[in-house]
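Where a number appears in this text, it was derived from the coordinates with a stated rule and is not lab data. Just so you know, these numbers come straight off a predicted model, no measurement behind them. FYI the Cβ positions are ideal-geometry reconstructions off the backbone, even for glycines, and counts take in every protein chain you see.
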Amino acid sequence: MSRTVEYFFSLASPWAYIGFKPFRAIVERHRLEVAYKPVGLGFVFDRTGGLPLGRRHPARQRYRMVELQRWRQRRGLDFALSPKNWPFDPTLADRTVIALLHARRDPTPFLALAHPAIWEKEENLADEAVVARLLGEAGVEPAPILAAARGDATEVIYLLNLENAVDKDVFGAPSYVVDGEVYWGQDRLELLDDMLTSGRQAFQAEPAA
């Protein structure tokens with residue numbers, strides 16, 4: 001019986017982009033079921049004590065830029081550290097993933113195009129025309145998916161994903177959750193792989209003092 005990984009992410013996150021290919025490799029290697037859960041990062045930060053990038057101490061912002069360069073090299077990627085259309089409102093792009101799931105479509109082909117569109121091609125995924133084109137390139141008819149992405153049902157799921165994230169102690173993205181054990185950040189993917197390879201039970205946090 002395959003295990004399920006809950007994948008909390010936003011297309012606004014560079015770390016979700018950086019970790020996408022190695023995450024998919026883990027999914028395929030361990031034959032995981034993926035529960036894709038796009039979530040609004042700003043709302044997650046508000047609910048869990050985090051700060052948006054612009055409000056973080058300059059030392060943290062500088063360190064982030066160094067980390068992006070480290071992981072760009074480590075993962076063998078070539079992307080802009082500050083793409084011209086970033087930051088952007090990821091609501092449409094995130095909700096497009098939800099609409100694909102509702103239509104029983106695998107969102108992986110869309111995500112495989114959307115991530116590099118932001119960070120490598122510096123495109124604006126807040127632009128509906130860009131999202132429509134990427135859906136078409138992923139082999140999906142754009143109009144019904146975009147209509148669903150704008151709909152009330154998709155908005156409800158987006159908000160439920162937020163509640164689900166907070167309930168599961170997710171405080172940033174990407175986060176990968178297996179049997180209640182949270183792995184925050186693409187730099188924890190190797191630890192996730194170790195857990196799945198060993199077959200061990202999930203670790204549980206000790207109660208706070």
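At most 11 other Cβ atoms within 10 Å and a DSSP loop assignment: could you name the chymotrypsin sites (Phe, Trp or Tyr not before Pro) in the stretch 131-209 that fit?
Values: sites: Tyr158, Phe171, Tyr176, Tyr183, Trp184, Phe203; in loops: Phe171, Phe203.
Hits after loop and neighbour filter: Phe203.
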Span from the the stretch 132-172 Cα centroid across to the the stretch 1-80 one, whole angstrom
17
GluC sites (Glu not before Pro) within the stretch 140-209: DSSP coil, no more than 16 neighbouring Cβ in 10 Å:
none
Kyte-Doolittle mean at least 1.0, axial Cα span of 15 Å or more - DSSP H helices of the chain
108-119
Divide by every residue of the chain the summed helix terms, -39500 (n - 2.57) for each DSSP H run of at least 4, and state the resulting mean residue ellipticity at 222 nm, rounded to the nearest 500 deg cm²/dmol.
-16500 deg cm²/dmol
When the label point is put 7 Å from the Cα of Arg24 along its Cα-to-beta-carbon vector, which residues of the stretch 116-146 have a backbone N closer than 13 Å?
116-117, 138-139
Which log10 I(q)/I(0) values does the stretch 4-198 give at q = 0.13, 0.17 Å⁻¹ under the Debye formula, counting every alpha carbon as one identical point scatterer?
-0.68, -1.23
Which of the trypsin sites (Lys or Arg not before Pro) found in the stretch 145-203 are loop residues per DSSP with 13 or fewer other Cβ atoms within 10 Å of their Cβ?
Arg200
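What length, rounded to one decimal in nm, is gained on full extension from Glu163 through to Glu33, with 0.36 nm per residue of separation minus their alpha-carbon distance?
Details: separation 130, 0.36 × 130 = 46.80 nm, distance 2.11 nm.
Gain in length upon complete extension: 44.7 nm.
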Relative contact order [Cα under 8 Å, 6+ residues apart], the stretch 57-188, whole percent
20
Can you tell me what share of the DSSP beta bridges in the chain is antiparallel? A percent to the nearest 5 is fine.
55
